[in-house]
């Protein structure tokens, strides 16, 4: 299923993403921020679909929107937010922060303008039908599994994170 | 004009889903069909649940609105739509407003990939089952939003409960699903599939439903999923989020009228959605019983009369009850109504006997029949089980179902690996 | 106009850069730890977008595989970060970054 | 009795436990309008997440001043008022009151009246336990037992209706005996009910006793030791479930309970499950008593000789009976006039409710519901 009306959806989704991103960093209430972030993530999942990456899109929805963000909402509700909403929202070095970010943005713009030509005009053809199978091959195929070791390390990382989170959040161990 | 007709006709006779064929017109038609069918199913489910539960509890259930309460769901719907829509003064307006729509959207979007037949699905995604699990997990967000936005203790606790519950049971559910997906890879190429249609086709190719595959591994995985899906939809005995006696109504305590009915709609369509997953993964989806063993023309013909016979049976039940209606002028309208309903059912049944129709409708019929089995189980659970306590629920999810799921996954993988060496050297 | 309507890799990269900048601004200016963590998620997502866009550009899948690793990493980061947040909140009853100053002299 | 040390010294009811997130102690107000508090009980819960740190019962929403009314009515006129206290077990309340006044007047009801009284009271015990079972199971989430028990309770109410015209607040007894002779077929109907009811107990037990979820929800929930029970004055099935064999029908036989052969079921752990089992067994024992009573009603008068205007000699009397919920006592002070000088009721629900805080500490919110259900309180009796 090839993407249809690509420019329209691209601009729609990137608009949603940018507005969502701005809301994330400007809202007073963390719950609103989290919901804006969820909207951003879902829009990004749709953009992955446009980029012929359905598996990444599925992982994005199930892990990010369905898992991590629920964790965020959970923690926000656990720590009382009534007080933090009324407090000052930005820290004391926010001017420096904005300047630094602007400098970074300027760097990006320069790089894009300079390096515009190195990107090919037309993307190479890609088949979507066996996307999942191909990714699986790369991850743990018998001969093609280049990322097998990285995969194992990632699972180890998750284990460490689980133990770390439990140790950190538990009152008494 | 001719081009449009040609575009519409070009899909007919295709062996793909409209989404896969890229035919926008038929995609829209299918979306409308699925949406209407789902709404009708929810309405029917509402009536059936009340009737079946009532008969389990030695009472009659709705009897007044329409013959045998048949019009009760419609009366309820009208009542809910006309009710005042109350929003608590301290509520977070926007989120309170959006939350029910998020839940409904999450529940309805899953049906994009549900295969009612080899071609009867809106689309066939390469990541079908992953998409379904992912989107159905989004309803957690709606629930948390509803509970938080109400700005009240009971909805908040209800929301936290149900989100914790759904996130926990998703893990066990995912493991059970993975073990079924693993079974699809037992073919010559050794590649499995996540596509919903592909999973059913794999069952057809392997000649058995995955519930019987590697007995009892498939059965255990199915059992894990069957428990987890009840928890996932917040139904009895896992309906802690809406435990009436403890939290009044859980996360939708502050909701009323139309928005409350959206939660109701979402709950029932989510039930149908998870049942569809179970049917697709373990019970052969749209396949009729014994598609390989009892194949050939005579068997095909025998099985093709089932849909019609079912509807005729329902029609006969209607007529039987028409005869049993009290012979009193006050009951005349109801008697005529019931007879009319019977006539409609009978006509549908007769239409289903037409070969051209029955060939197309058969898959959908078997799928719906299997899903209704699950729906009946849901009602049955509600009639017999007390409610789990929260910590017991968590214990069940993390300490029973999760290890079981891991064990089944590992064993399935092991058997799948060893099978060709032992049985087919 | 032609370049606007023909979506190329560059468009995705610009979108990614914009998201990245938003994330950086959030990390640098906000006080609330939860929102800082969410801004980090924004940054990671911007990176993911670039990876998948490059993967599309070269017609390979390595970028997508890498994006999956990044998502794994984000999950681990969120779990540990929120764990720290809970511990922090329990001790100081605040969620503001600039009040984490116990080791400051 | 004596081997239990009746003190609460090991309990610290004042200092609350420290919550997990210090700032986050959640105070929830449960009731008075809450489906699970069985009327208008208001419970203020202090929670840490789902864990109960402590609770406080606020009562009095149904206070009607029954005791005060008693001081302004004659002995006979006050009789119907007691039905309104524990409206689920109105007959027991009437029995307690009538026997207390009889004790004050030094009269005794004739044997025939005694038998009818026992029959009606035991039927009432079954009805009360049925109502308890239905609502308790509903609280824990099993909705079906409610309809089963209400269906069967209906048969008892029908007998009452036929006997005295009322179903709930029966006013069945009079001081000195009974007002009405039993109707024709009374014994047969009670017998029919017993035959009808015996398999129904098995039906209830089939639904719940071995139901895994039911067992998990009730075992080790709201456990209370015999010592604490006695220290708090808890009586009835709650006390018996903790292992104390104390039933006033045996301990201080009243009416003519000493003529009947029955057992006192007791539990061991004093948890919700044991209380459930004890009440189920009590229903069976009630059926046993009824079986013996129905065939043996003697002929004779139904009313003792009591003066038209009752003027008991000045003095005081305390008499208590085993109501379905526990010890129901009446303390009446007479100043020699036609009206009592003071009426004091010792309602079992009110006293048992004291144990709620103790039973719920450290449990979860869901357990509070189960414990309120298992205490079997009736707010009409708590508030009087």
Boolean, residue C:70 is within 7 Å of another protein chain (Cβ to nearest Cβ) and in contact with a helix residue (DSSP H, G or I) (Cβ under 6 Å, 6 or more places away or on another chain): no
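A quick yes/no check of all residues on (1) in contact with a helix residue (DSSP H, G or I) (Cβ under 9 Å, 6 or more places away or on another chain); (2) surrounded by fewer than 17 Cβ atoms within 10 Å (Cβ to Cβ); (3) more than 20 Å from residue D:349 (Cβ to Cβ):
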| residue | (1), (2), (3) |
| --- | --- |
| D:221 | yes, no, no |
| D:238 | yes, no, no |
| D:242 | yes, no, no |
| D:248 | yes, no, no |
| D:255 | yes, no, yes |
| D:259 | yes, yes, yes |
| D:265 | yes, no, yes |
| D:268 | yes, yes, yes |
Members of region D:112-162 that are in contact with a helix residue (DSSP H, G or I) (Cβ under 7 Å, 6 or more places away or on another chain) and farther than 28 Å from residue D:211 by Cβ: D:115, D:117, D:118, D:119, D:120, D:121, D:159
Conditions (1) touching a residue at least 12 places away in the same chain (Cβ under 8 Å); (2) surrounded by 15 or more Cβ atoms within 10 Å (Cβ to Cβ); (3) within 27 Å of residue B:41 (Cβ to Cβ): number failed by residue B:388: (3)
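Among the residues of region A:95-118, how many are at the interface with chain C (Cβ under 8 Å from one of its Cβ atoms) and either buried (at least 16 other Cβ atoms within 10 Å of the Cβ) or modelled with pLDDT of 85 or more (or both)?
Taking region A:95-118 and keeping what is at the interface with chain C (Cβ under 8 Å from one of its Cβ atoms), we get A:96-98, A:100-101, A:104-105, A:108, A:112, A:116.
Pick out the ones that are also either buried (at least 16 other Cβ atoms within 10 Å of the Cβ) or modelled with pLDDT of 85 or more (or both) and you get A:96-98, A:100-101, A:104-105, A:108.
Total satisfying the criteria: 8.
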Number of positions in region C:1-57 that are touching a residue at least 60 places away in the same chain (Cβ under 8 Å) and more than 7 Å from chain A (Cβ to nearest Cβ): 2
For residue B:210: the one exception among (1) at pLDDT below 85; (2) part of a loop (DSSP other than H, G, I, E, B): (1)
Test set (1) in a helix (DSSP H, G or I); (2) more than 8 Å from every other protein chain (Cβ to nearest Cβ) - residue C:104 fails condition number: (1)
Residues (without any contact (Cβ under 8 Å) to a residue 24 or more places away in the chain, within 16 Å of residue A:72 (Cα to Cα) and in a helix (DSSP H, G or I)) located in region A:24-41: A:24, A:25, A:32, A:33, A:35, A:36, A:39
Scope region B:135-160; condition assigned to a helix (DSSP H, G or I), more than 11 Å from chain A (Cβ to nearest Cβ) and touching a residue at least 12 places away in the same chain (Cβ under 8 Å); matching residues: B:146, B:154, B:155, B:158
Residue A:58 being closer than 25 Å to residue B:133 by Cα, modelled with pLDDT under 85 and buried (at least 17 other Cβ atoms within 10 Å of the Cβ): no
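Does residue C:31 meet the test of being surrounded by fewer than 24 Cβ atoms within 10 Å (Cβ to Cβ) and in contact with a strand residue (DSSP E or B) (Cβ under 7 Å, 6 or more places away or on another chain)?
Working: surrounded by fewer than 24 Cβ atoms within 10 Å (Cβ to Cβ): yes; in contact with a strand residue (DSSP E or B) (Cβ under 7 Å, 6 or more places away or on another chain): yes.
So residue C:31 passes the test.
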Any hit, region D:206-219, residues being part of a helix (DSSP H, G or I) and closer than 30 Å to residue D:94 by Cβ: no
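Quick one: which of B:53, B:80 is in contact (Cβ under 8 Å) with a residue 12 or more places away in the chain, within 14 Å of chain D (Cβ to nearest Cβ) and in a helix (DSSP H, G or I)?
Working: B:80 fails: within 14 Å of chain D (Cβ to nearest Cβ).
B:53 is the lone residue from the list that is in contact (Cβ under 8 Å) with a residue 12 or more places away in the chain, within 14 Å of chain D (Cβ to nearest Cβ) and in a helix (DSSP H, G or I).
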Enumeration of residues in region A:34-68 that are facing chain B (nearest Cβ under 8 Å), within 11 Å of the chain's Cα centre (by Cα) and more than 28 Å from residue A:138 (Cα to Cα): A:38
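Looking at this structure, is residue B:267 assigned to a helix (DSSP H, G or I) and not assigned by TED's automatic domain parsing to the domain that holds residue B:90? Walk me through how you get there before you give the answer.
Working: assigned to a helix (DSSP H, G or I): yes; not assigned by TED's automatic domain parsing to the domain that holds residue B:90: no.
In short, no.
The values are calculated or read from the model by the stated rules, or taken from the named source; none is laboratory data. The structure presented is a predicted model; accordingly, all values stated were derived computationally and were not measured. Note: ideal-geometry Cβ built from the backbone for every residue, glycine included; neighbour counts use all protein chains shown.
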